[in-house]
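Enquirer: Let me give you the structure first, and then I'll get to my questions.
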Amino acid sequence: MPKSQNLVFNEAPSGDWPPYLMDFSGSPAERHVENLKILRDVGFDQYQQGVIARYGQNRHHLKELERHIERDLIGPDAYWKPVDSAVKGCAHYFGHAWWIPFPPTLVRTAP
């Protein structure tokens, strides 16, 4: 990774989701920098939980869940109405949803 390369991260203003690198060009150095940023932002405990989820004994279940989320749930026009009860103060259940692979995080936002 050249010294001149600017790394831009997508970050939640309130820290609701972990940061992730935009315009990833595929270098190991970029991934290391991204992992360090995630570790600093989410803390060691949450980072460790992400590692365990990704590489632990239940990793196959997580992979299955990721495939379902990526195939059926994410996008610029996602719908998520709770089955059991309405959310107080919520007028509609449409919004944006995307998947951050590490630590595993489903982000849902209202438009």
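Enquirer: Mind pulling the angle between the C-alpha long axis of helix 59-68 and the longest principal axis of the chain? Nearest 10 degrees, somewhere in 0 to 90.
Expert: Roughly 60 degrees between the two axes.
Enquirer: A follow-up question, please. Just to confirm a number: summing +1 for Lys and Arg and -1 for Asp and Glu over residues other than His60 whose beta-carbon lies under 12 angstrom from that of His60, what do you get?
Expert: Overall, the nearby charge balance is +2.
Enquirer: Rounded if a/c is under 1.5, else prolate if a/b beats b/c, else oblate: with a ≥ b ≥ c from the C-alpha gyration tensor eigenvalues square-rooted, which is the stretch 41-106?
Expert: Prolate is the answer for the stretch 41-106, as a/c is 1.5 or above and a/b outweighs b/c.
Enquirer: Anyone know which of Leu21, Leu65, Leu73 comes out most mobile in the 10 Å Cα GNM of the chain?
Expert: Leu65
Enquirer: Does the stretch 1-57 come out rounded, prolate or oblate by the C-alpha gyration tensor, with a ≥ b ≥ c the root eigenvalues, rounded set by a/c under 1.5 and, if not, prolate when a/b is larger than b/c and oblate if not?
Expert: Judged from the Cα gyration tensor, the stretch 1-57 comes out oblate (a/c at least 1.5, b/c at or above a/b).
Enquirer: Give the lysines whose C-alpha is closer than 21 Å to that of Lys63, dropping any in the same chain fewer than 8 places away, or say none.
Expert: Leaving aside lysines fewer than 8 places away in the same chain, none come within reach of Lys63.
Enquirer: Taking the chain as a Gaussian network, where each spring joins two C-alpha atoms under 10 Å apart, which residue of Ala12, Ala78, Ala97 fluctuates the most?
Expert: Ala12
Enquirer: Just to verify a number: FRET efficiency for Asp45 and Ala91, C-beta to C-beta distance, R0 = 35 Å, to 0.05?
Expert: FRET efficiency, Asp45 to Ala91: 0.45.
Enquirer: Among Phe24, Phe102, rank each residue by its count of other Cβ atoms within 10 Å, from fewest to most, as a rough exposure measure.
Expert: Fewest-to-most Cβ neighbours within 10 Å comes out as Phe24, Phe102.
Enquirer: Match the structure shown to one of the listed values (i) 28, 18, 14; (ii) 21, 19, 14; (iii) 22, 16, 13 of semi-axes √(5λ) of the Cα gyration tensor in Å, computed from it, and give that label.
Expert: Looking at semi-axes √(5λ) of the Cα gyration tensor in Å for this model, the match is (i).
Enquirer: For Lys3, give me every one of the lysines with a C-alpha distance below 30 angstrom, ignoring sequence neighbours fewer than eight places off in its own chain.
Expert: By straight Cα distance, Lys3 reaches Lys37.
Enquirer: Here is a follow-up. If you stretched the chain out fully between Asp72 and Ala53, how much longer would it get, using 0.36 nm times the residue separation minus the C-alpha to C-alpha distance?
Expert: 4.7 nm
Enquirer: Also: Which FRET efficiency, nearest 0.05, do Glu30 and Val83 yield, Cβ-Cβ r, R0 41 Å?
Expert: The computed FRET efficiency comes out at 0.55.
Enquirer: Moving on to the next point. Helix-only estimate, please: 222 nm mean residue ellipticity of the chain, summing -39500 (n - 2.57) across DSSP H runs of length 4 or more and dividing by its residues, to the nearest 500.
Expert: Calculated at 222 nm, the ellipticity per residue is -10500 deg cm²/dmol.
Enquirer: Karplus couplings for the stretch 3-20 from phi (6.51 cos²θ - 1.76 cosθ + 1.60, θ = phi - 60°), rounded to Hz, Gly and Pro as x?
Expert: 4, 6, 5, 8, 9, 10, 10, 8, 10, 6, x, 9, x, 6, 9, x, x, 9
FYI, it's all coordinate maths here, none of it is from the lab. Treat the numbers as computed from the prediction; the structure is a model and nothing was measured. Every residue, glycine as well, gets a Cβ built from its backbone with ideal geometry; the counts of neighbours run over all protein chains shown.
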